[in-house]
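Report on one structure; see the data block that follows.
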Amino acid sequence: MATLPGDNLTQAYRRDQVRNAALLAAKLRRRYAGVDLAAPATGRNFLDTDWESVRLIAHELSHQWFGNSVTLQRWRDIWLHEGFACYCEWLWAEEDGLSSVQAEVERHHDLQSRLPQDDLQLSDPGPALMFDDRVYKRGALTVHALRLRVGDEKFFELVRSWLQEHRGGSVTSEMFVEHAGQAAGEDLRDLFDPWLHGTELPPCPGRED
């Protein structure tokens, strides 16, 4: 599936799909009550209904689009996978009434601001930091900054067209920046440069002081 049905990304994994997964998890927990769910091989994360487990399901489902259908050419662009997957968690939290995207943005920006930043460049984190949680969260914050800059209509449309045009292909950060700018009808390098190429954490997108 390379297209995103409906008005936003959350409809890519509908409420009933996640709820059905939660019901299945409950049944499995009852059936395998004697199994050591702490053992990594049993995949304990998928046998629970708390937010951390639901969040993981939303995250991994989103990789059908961001990672599988459209994949990166270079490991340095890992934020294109993990940033969007993390942002889909926040979209699902809002869809499910657990939080709002903006609340998640502000919460995670606050957490990021307390962490070291001078060793991380999102566009090229290096092998040691490739799967650092800061890459995931800073990537998601970048996605939200883009959404606020261009507005919901253009944002969701440019994401759909990105997935459609590159289905089955490999991409780079430069390709995404160019695509976003063309779809939005404006030069967005001033938005992306500090998020992708700087080390200092930019201000929290959408926060009202």
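For the range 109-209, the alpha carbon convex hull comes to 106 Å³ per residue, rounded to a whole number.
Of the whole protein surface, D132 contributes about 40 Å² of accessible area at a 1.4 Å probe radius.
Of the chymotrypsin sites (Phe, Trp or Tyr not before Pro) found in the range 73-136, those in coil by DSSP whose Cβ has at most 13 other Cβ atoms within 10 Å are F131. Looking at the range 65-209, the accessible area is 45 square angstrom per residue; that uses a 1.4 Å probe and ignores ligands, DNA and RNA. Could you tell me which of rounded, prolate or oblate describes the range 88-163, using a ≥ b ≥ c as the square roots of the eigenvalues of the alpha-carbon gyration tensor, with rounded for a/c under 1.5 and, failing that, prolate when a/b is larger than b/c and oblate otherwise? Because a/c hits 1.5 or more and a/b fails to exceed b/c, the range 88-163 counts as oblate. Compared with the direct C-alpha span, the chain from R74 to E60 gains 3.0 nm at full extension, assuming 0.36 nm per residue. Taking only the C-alpha atoms of the range 49-137, Rg followed by Dmax gives 13.5, 37 Å. Take the Cα of T199, step 7 Å toward its Cβ, do the same at E178, and the gap between the two points is 2.9 nm.
Full extension of the chain between D209 and S100 yields a length gain of 37.5 nm, computed as 0.36 nm times the residue separation minus the alpha carbon distance. Once backbone amide H atoms are built at 1.01 Å from N, L72 has V171 as its partners under 5 Å, excluding neighbours fewer than 5 places away on the same chain.
Since only V105, C86, W75 are under comparison, the one whose Cα sits farthest along the positive direction of the charge dipole of the range 75-118, derived from C-beta charges on Lys, Arg, Asp and Glu, is W75. The distance from the alpha carbon centre of the range 129-154 to that of the range 70-102 is 8 Å, rounded to a whole number. About its Cα centre, the dipole of the range 52-190 is roughly 200 debye, where the only charges are +1 on Lys and Arg Cβ and -1 on Asp and Glu Cβ.
The values are calculated or read from the model by the stated rules, or taken from the named source; none is laboratory data. All of these numbers come straight from a predicted model, not from anything done at the bench. Quick reminder, even Gly has a Cβ in these numbers, built from the backbone with ideal geometry, and neighbours come from all protein chains shown. With ligands, DNA and RNA removed, areas are computed over all heavy atoms of the protein, side chains included. Shrake-Rupley method; radii C 1.70, N 1.55, O 1.52, S 1.80 Å.
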